[in-house]
1. Can you pull out every residue in segment 494-509 that is surrounded by fewer than 17 Cβ atoms within 10 Å (Cβ to Cβ) and outside any loop (DSSP other than H, G, I, E, B)?
2. Looking only at segment 102-113, which residues are among the charged types (D, E, K, R) and touching a residue at least 12 places away in the same chain (Cβ under 8 Å)?
3. Look at segment 461-485 and say how many of its residues are over 22 Å from Arg373 (Cα atoms) and surrounded by fewer than 17 Cβ atoms within 10 Å (Cβ to Cβ).
4. Here is a list: Val171, Val116. Which entry is over 19 Å from Tyr330 (Cβ atoms), among the β-branched types (Val, Ile, Thr) and either surrounded by fewer than 20 Cβ atoms within 10 Å (Cβ to Cβ) or without any contact (Cβ under 8 Å) to a residue 24 or more places away in the chain (or both)?
5. Across segment 360-397, what is the total count of residues that are within 20 Å of Ile508 (Cα to Cα) and assigned to a loop (DSSP other than H, G, I, E, B)?
6. Among the candidates Ala599, Ala608, single out the residue that is modelled with pLDDT under 90 and either of a type in the set (D, E, K, R) or over 21 Å from Ala515 (Cβ atoms) (or both).
7. Test of understanding: among Ser363, Ser344, which residue is within 14 Å of Asp285 (Cβ to Cβ), small (Gly, Ala, Ser) and either in contact with a Leu (Cβ under 7 Å, 6 or more places away or on another chain) or surrounded by fewer than 20 Cβ atoms within 10 Å (Cβ to Cβ) (or both)?
8. Would you be able to tell me the number of residues in segment 510-548 that are out of contact with any helix residue (DSSP H, G or I) (no Cβ under 9 Å at 6 or more places or on another chain), among the aromatic types (Phe, Trp, Tyr) and either at pLDDT 95 or above or in a strand (DSSP E or B) (or both)?
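The values are calculated or read from the model by the stated rules, or taken from the named source; none is laboratory data. Computed from a predicted model, the values in this text were never measured in an experiment. Heads up, the Cβs are rebuilt from the backbone with ideal geometry, glycines too, and the neighbour counts pull from every protein chain shown.
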Amino acid sequence: MKNAKTGFSKLGFAKTFLLPGLYVFLIPVVAYFFFLHAQSRYDAIGRETIVKQINADAALTAEQKAGATAFFNENPISELIKDEAFAEGIEPSALFNYATFRWMIRLAGFSIVAGVAVFLLAGLFVLLSVRSQRAQYLSLSAGWNVLRIYCALQVLIQGILAVALSYWVTVLWFEVFSVKLVIGAGVLALVGVLALVAAIFKRPSTLHPVQGRVLDRQANPLLWRELETICGKVGTAPPDQVIVGIDENFYVTEMPVVVGDRTCTGRTLYVSLSLLKQMHGAEADAVLAHEMAHFSGQDTVYSKKIAPLLVRYGHYLEALSSGITKPIYYFMHSFRALYELSLSKVSREREFRADRIATELTSPSDFASGLLRVAAYSHFRRNVQNDLFEQERAHESLNISDRIEQGFQVFASNFVGGPELATLESSHPFDSHPPVASRLEAVGLSLDRQRFPGLLQAPGDGRWYDMIDNAAEIEREQWQEFEQLFRKVHEVSLAYRFLPETEEELAIVAKAFPALSIEGKNCTLAMNHEALHHSEWKYPVAFREITHMEVDSNGKLQIRYDREGKQTILIATKKFGDRKQEVLDVVGNYYGRYAQAVAYQTQKAAEAKAKSEPMA
């Protein structure tokens, strides 16, 4: 069964990512064979014309006519015109057409050969990238540069081929010329080129915002002394700064991070106050030793080098993701997917290395309980937040921190015996982590459900938490900021769930989607969460009546609704001048809110009905 699943996975990956990458050859292959056909067809027409002229020439003997006819049968005009003397006798328009065919064939051939070469070269880079972090960075850097140059050329070449095909396919096969088709192809090609140029020169930010506070070294001497002791055992320099926050993880990075109005560079360690409060000192030692091991293995150095490449790769893909450049997007996307496999493999290896070092410097028991406590806390916190977010009422207060502290220990004691442990992963803002069970097995700890629960029975002593100056106040301030944002997001989400039936629900929806009006030329568009009304209409149209909306070819918003039989009304958006797009956006947002609320209430009713029905 394992082999079958592996085979299916590989097949699924190939269908999803690799096969679509072959679309990059579609336009070049079509163009190559079409222009060979066009050239051959012009050769046949020219040969037929010349042979008729030869046979009509009374000055030639039968033997001369036969010889001349045989010569032109054996030597196509497309080859003969390469001779300047022969070309002088051909009409300039015919020479131009032959030159067009010749260059389109060359461009298409070059595109195909280059595609195969780059496909093989980029594949080689991917294979080399799994050898080490250094090999991964060098391979990705080289592969990125090769791919972006290749794709820039392909966008230009395939744009030219598409324009040429749009003209010659109709002229050669249907003997008509569509100006709109040629202009359309040209515009698409130009848009693709401009989007790509913008992506090439764009330098996206790699700054990572962090909610937290940078600890003052002078005010926290004990914490820094303990941290330096761990770094000495691991064999690495201590971090340049420590950031404390309330996220449910620990991590290190050398990427620039923004904390408030401060940008931190160099080595950064992020620690969770909320987790440190729950952990034993020895557990925190193991977790922090794991993080410092990432410094000693230069993991953060290579992450800092690779991250900007991946960000630029992503922006490049975005620029290629629509229009005539879509086949090239698939080509680039296939290699991004392959690089992701490489990144995942190397990431797993460095996590296992850091786990091994942490286990050696502390103990298997400390490492296991630290890892499990972090996983349990993260899982429990998400449960608490999800329960609060799913509630269909606005929260006056949340007290998330208190809810977690009051219920975590009971949850942690029973957590390890749960079925989700085998696949549970630790959260991290920069890297993916292997499942907790795999990490334990990698350091020689089997997933013994009878043994592990005992590791989390006793609450943590919070030793590292107590080392932090003013930790309780810092944590309280950050929880207040988090809960304020949580309440805001939750209240907005409620507006997308309610078809208001009470005053409270109406107030929530009306707050997020208030009544408004937009003035146009001799007209006004007004709406609220229930309906919209144009000053040129006889009556408002409720969102519940609308069955379809679209912008027609004249730029008018066409609204179909069902009232005493199907009706259609229009909004001439041009009358709103510079606010035309605002009209479309607002109508779309207000109607979209109503549609989402209907879908949510329908699903809710279906789930309630399913729960109430007895099982067969």
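1. Of everything in segment 494-509, those that are surrounded by fewer than 17 Cβ atoms within 10 Å (Cβ to Cβ) and outside any loop (DSSP other than H, G, I, E, B) turn out to be Glu503, Glu504, Leu506, Ala507.
2. Arg102
3. Number of matching residues: 8.
4. So the residue among Val171, Val116 that is over 19 Å from Tyr330 (Cβ atoms), among the β-branched types (Val, Ile, Thr) and either surrounded by fewer than 20 Cβ atoms within 10 Å (Cβ to Cβ) or without any contact (Cβ under 8 Å) to a residue 24 or more places away in the chain (or both) is Val171.
5. So the count comes out to 7.
6. Ala608
7. Just a single option satisfies the conditions, and that option is Ser363.
8. Qualifying residue count, segment 510-548: 0.
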